[in-house]
Structure formats: C-alpha cells, structure tokens
Amino acid sequence: QQGRSEAAERTLTEAVDAARRHLGAEHYLTGAALSQLADVYAMRGQFDRALAPAREALAIVRKSSGERSQSHLLMRATLGVLELQSGQLQTAITTLTEARSTLIELLGERSPQAQGASFYLASALVEVSRPAEAAELLTAVDAAGLTSTTAGGSDWAPRLQALKGQILIAQGRDVDGAALLGPAIEQMKA
C-alpha cells in the first residue's frame, strides 16, 4: 500500500517459506501468505505471475476451511478475476460462475461478495460475445454494493457504467453504449 511492492514481495516470499517450514505446506496461514503474495503481483499488473500462488492458496484454503467457506469462495472469485485479467476467459468464466453460484446460495444475490463475482463474470462474458448474459448479471449489481467490497477500490460507479456501455455496444447499440462509456471514461481519468 506504500508503493514498496519489491519489499512486500521479498517479505511475503520469506513469510511463505517460513510458514511452510514451521507450520506446514498445507497450513491455512501458508495459504494466506500465498494469497497476499498473489495480491502483490496483481497490484503490479503481473496477473500471469499471480496465478500460481493464488491457485496454491486456494487449494490450501479448500483443504483447511472447506469448499463452502467464505474464505475459499472469495479466494476462488479472486482467482477468477486473475484468470480474466490474464486473458484466460473461458477458465475465468468457469471459476467465476462456480464461485458466484455458491456465494449467492450462501450470502444472497445482493451481497457485496456475489455482486463482485457478478461484475467480473459479466466482464468476461462480454469479452466472449455473450452480452445478453452479461447484462442479465448486472441487474442485481449496483455501485454501492460493489463499493462495500474490500477489493477493487472506490471507483465502482464509473466502472459499472463503463461495463454497461460495453455491453450495449456489444449488443449493437453503439450510440447508447457510447453515451454511457464516454462519461465513465472521463470520470475514471479524473
């Protein structure tokens, strides 16, 4: 958070190594350290590099907390976002669909966690020319719900507006889409 990602990477790599030695390779805290290491790579835009520690963290948390634990589901959704950002669209769709489904079942469709999964799943769907499905997902998503998640910053209103604009353009409604996309881009630039 202080802009010292190299120091954070070193510290977290040491923490992962120490956790493996002292707690074991499958200990929950080892998974937590791996997840944080993946976050450092993601903050740098190194999404491909973040995938391996994110996947390892997910496997550890699945074993220690169970597939239906909130920790596992949130890590699964985060892995789906990393897959999306790495261009692995079909894999991201599968990962996000599964995480979203269980999040809705456990926490409800309007929960911030489910809304976050819905947003990123819609982003992946529009990228693979499935805009109608993407639009349907966004019916239960709002900027306030997204803002209350712990990840992704506070600029959710223009990001959501931009995604809706992209969907409209993908549906052949260029003028309507541009009317949403243009102002959203200007807000994000500011």
*region 110-124 residues that are without any contact (Cβ under 8 Å) to a residue 24 or more places away in the chain and open to solvent by 10 Å² or more (accessible area, probe 1.4 Å), paired with ones that are part of a loop (DSSP other than H, G, I, E, B) and β-branched (Val, Ile, Thr) (beta carbon under 7 Å, 6 or more apart)*: none
*Looking at region 31-47, is at least one residue at pLDDT below 95, surrounded by fewer than 24 Cβ atoms within 10 Å (Cβ to Cβ) and of a type in the set (Val, Ile, Thr)?*
yes
*How many residues does region 32-48 hold that are free of Cβ contacts under 8 Å to residues at least 40 places away in the same chain and part of a helix (DSSP H, G or I)?*
11
_Looking at the structure I just gave you, is residue 174 free of Cβ contacts under 8 Å to residues at least 12 places away in the same chain and open to solvent by 60 Å² or more (accessible area, probe 1.4 Å)?_
yes
*Residue check, residue 56 against (1) at pLDDT 95 or above; (2) of a type outside the set (Val, Ile, Thr); (3) within 14 Å of the chain's Cα centre (by Cα); (4) surrounded by 17 or more Cβ atoms within 10 Å (Cβ to Cβ), all met but one. Which one?*
(3)
*asked:* Looking at region 85-109 only, could you name the residues that are outside any helix (DSSP H, G or I) and open to solvent by less than 40 Å² (accessible area, probe 1.4 Å)?
replied: 86, 108
*Residues of region 127-146 being under 13 Å from residue 168 (Cα atoms) and surrounded by fewer than 24 Cβ atoms within 10 Å (Cβ to Cβ), which ones?*
127, 129, 130, 131, 132, 133, 135, 136, 138
*Which condition number does residue 78 fail, the rest of (1) open to solvent by 40 Å² or more (accessible area, probe 1.4 Å); (2) closer than 20 Å to residue 159 by Cβ; (3) modelled with pLDDT of 95 or more being met?*
(3)
*Restricting attention to region 91-113, which residues are closer than 23 Å to residue 170 by Cβ and not charged (D, E, K, R)?*
91, 92, 93, 94, 95, 96, 97
_Only one of 51, 82, 58 is assigned to a helix (DSSP H, G or I), among the hydrophobic types (A, V, I, L, M, F, W, C) and closer than 23 Å to residue 137 by Cα. Can you tell me which?_
82
*Please state which of the following conditions residue 67 fails to meet, knowing it meets all the rest: (1) over 14 Å from the mean Cα position of the chain (by Cα); (2) among the acidic types (Asp, Glu); (3) open to solvent by less than 40 Å² (accessible area, probe 1.4 Å).*
(3)
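The values are calculated or read from the model by the stated rules, or taken from the named source; none is laboratory data. Since the structure is predicted, the reported quantities are computational estimates derived from the model, not experimental observations. Backbone-built Cβ (ideal geometry, glycine too); neighbour counts: all protein chains shown. Just the protein is used for accessible areas: all its heavy atoms, side chains included, with ligands, DNA and RNA removed. Shrake-Rupley method; radii C 1.70, N 1.55, O 1.52, S 1.80 Å.
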